[in-house]
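The values are calculated or read from the model by the stated rules, or taken from the named source; none is laboratory data. These figures come from a predicted structure and were not determined experimentally. Here the Cβ positions follow ideal geometry from the backbone for every residue, glycine too, while neighbour counts run over all protein chains shown.
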Amino acid sequence: MFRFTYSVVLSILASVAGCASSGRPPAASVPPPPVRSGQTLDAQHGVVVSVCRIASTVGANVLRDGGNAVDAAVATAFALAVTWPEAGNIGGGGFMMVGEPSRVGQPAVHFIDYRETGPAEVKADTFAGKPTSHQLAGTPGTVRGLFTAHQTYGTKRFAWKDLVLPAAKIAEEGFVVDAALAASLNSGLARSEAFPEFRRVYGKVDGSAWKAGDRLTLPDLAATLHAIAERGPGEFYEGETASRIVAEMQSGGGLISAGDLKNYRARLREPIVGTFKGYTIFAPPPPSSGGIALLQMLNMFETLDLRADQRWSASTVHTIVEAMRRAFADRARYLGDPDYGTVPVAELVSKDHARQLASTIDPLKATSSEQVAPWAQLSETGGQTTHFSVVDVNGLAVSNTYTLEQSFGGKVVVRRAGFLLNNELGDFNPRPGQTNRNGQIGTPPNLAAGGKRPLSSMTPVIIARNGKIVLVTGSPGGRTIINTVTQVVVNRLAFGMSLRQAVDAPRLHHQWLPDGIRVERSLAEQHLQTLEGLKAMGHAIDATMPSRQGDAHSIEIDPATGRLTGVADKRIGGSAAGY
Ligand code: GLY
């Protein structure tokens, strides 16, 4: 059955902001679900929250037309590959958590690992010099991962192509650029002289800056998506698209071979499960570092008993930062691809380990990071990614984070295929054994190897209470992802904020080393006294103060009524769509 008829696709195009210029009215019989940008949307039947209004609308239309949350997630992910090119992708990878409600006991939560892999040629020291963007491209996992999701958990009411074609149509017919995308494109195009294909595809013909209201059309990407829609993932991994990736690699000195593409597999893994104040947390296992670090911090917070009325006191923030410091030290020491070494997951997320870590926190004074773990130092975080959350009418939940690593990956667009490749292999530790104060780590678990997945910070989570799924969240932001998700979760579950408040609240980041706290500018503006108190305790406050940390598109489910609250993070341009 082909659910997405041409007129339905046109209704998507016409229903999104500014897209009235498509010139065709929406089909009267299929009113688009309401959309709220940067706001909260209450819905009874289903909701999609992503960084982009168009993509949320595509997903919500699938829900409205009888698809489940996984069908909607697949369509949303393909749409984001068109409409949010800095991180939405088919040339990257990611993690998807799928939570199935159960009548008895805990929900069944599944984890699809579609992280990129190192091409077979990769060795531990391959990235020790100055690797190029082409060399840093890992074998992409997104298309295989989304297909696995569709085949394993989709309704089958929607054929694969029905979920890919809306994205293909948007790319083909063009769409109206909003302010967030204009800013993103202009930022990516700055310093892109070395990437002429990127400039050709994503630059304006007259070379001027993008502005809201402009139209972006992506014909090469449209053709690739049409081919993937018709021929399935085989097109990407063994077909004409695979040949174009290999040709791109050969012309740019990259490493991905036809064999790497053919051999790529998504992995189904068991999520990590922990508890926090009566909630059950389902979090991603390695090669994500996020699940372990999140549970370690929540376990420490239980021991340390955060006070709900003291959220912004220097003492509370100090406790949160000290937990971050310790979790990130363990991350550097122990975590990597579990298929290439043993990761002591159970020990790391045990309540005993958290008690031991928490017992080293001085309530009045910052611990030095070298004292916590004197053996290594981490580089500064970087990278962009995007997260979206979906819940359908039956309570099936999807928490999906996927990425090209940095914004627009390494700015390599595969010629004649129109999509961006990731530069994910920069997430491996680059120089074996070389750990120094300048921000480099060389510990063994995350050294590069052929077929291996680089350690990730992506942390899509699903949270249940009394067996019912109540919260879905996640975020982009490199290593800050882990701390963003942790803060949303504790704001909601420990400090009693509404989900809206929990997402809006100012954020901070400490990653063990460099030994300093990076705060959002709004935190400095709203809680200056807190920062003064932290400095008095011996904390260094990083002067950079970014305007935003993360972008946590989240959904809460009222366990009594089943009512859904979609909370679009305001920090970029997020939108909740549902009905
Ligand atoms: N590329 C960001 C991450 O995987 O952590």
- request: Being surrounded by fewer than 22 Cβ atoms within 10 Å (Cβ to Cβ) and in contact (Cβ under 8 Å) with a residue 12 or more places away in the chain narrows it down to one of 159, 190, 167, so name that one.
  value: 159
field: Enumeration of residues in segment 498-515 that are under 27 Å from residue 556 (Cα atoms) and either among the aromatic types (Phe, Trp, Tyr) or not in a loop (DSSP other than H, G, I, E, B) (or both)
entry: 499, 500, 501, 502, 503, 504, 508, 509
statement: From the option list 399, 389, 407, single residue qualifying as modelled with pLDDT of 95 or more, among the small types (Gly, Ala, Ser) and within 11 Å of the ligand (Cβ to nearest atom) is 407
query: How many residues does segment 450-507 hold that are closer than 24 Å to residue 403 by Cα and of a type outside the set (Gly, Ala, Ser)?
result: 29
query: When only residues in segment 517-529 that are of a type outside the set (D, E, K, R) and either surrounded by fewer than 22 Cβ atoms within 10 Å (Cβ to Cβ) or part of a strand (DSSP E or B) (or both) count, which is farthest from the chain's Cα centre (by Cα)?
result: 529
field: segment 86-111 - residue that is within 16 Å of the ligand (Cβ to nearest atom) and within 15 Å of residue 396 (Cα to Cα) and, of those, surrounded by the fewest Cβ atoms within 10 Å (Cβ to Cβ)
entry: 111
query: If you check residue 426 against the conditions, is it away from the ligand (no atom under 16 Å from the Cβ) and either without any contact (Cβ under 8 Å) to a residue 24 or more places away in the chain or of a type in the set (Gly, Ala, Ser) (or both)?
result: no
query: Within segment 438-464, how many residues are in contact with a helix residue (DSSP H, G or I) (Cβ under 9 Å, 6 or more places away or on another chain), away from the ligand (no atom under 16 Å from the Cβ) and not aliphatic (A, V, I, L, M)?
result: 3
query: What about residue 71, is it acidic (Asp, Glu) and closer than 20 Å to residue 455 by Cα?
result: no
- request: Select the helices (runs of 4 or more DSSP H) contained entirely in segment 204-311, then report the ones holding at least 2 residues which are within 23 Å of the chain's Cα centre (by Cα) and crowded, with 21+ Cβ neighbours inside 10 Å.
  value: 219-231, 233-238, 290-304
query: Within segment 465-479, which residues are more than 15 Å from the ligand (Cβ to nearest atom) and crowded, with 24+ Cβ neighbours inside 10 Å?
result: 469, 471, 472, 473
query: Quick one: which of 283, 314 is on the phi < 0 side of the Ramachandran plot, among the aliphatic types (A, V, I, L, M), within 16 Å of the ligand (Cβ to nearest atom) and touching a residue at least 24 places away in the same chain (Cβ under 8 Å)?
result: 283
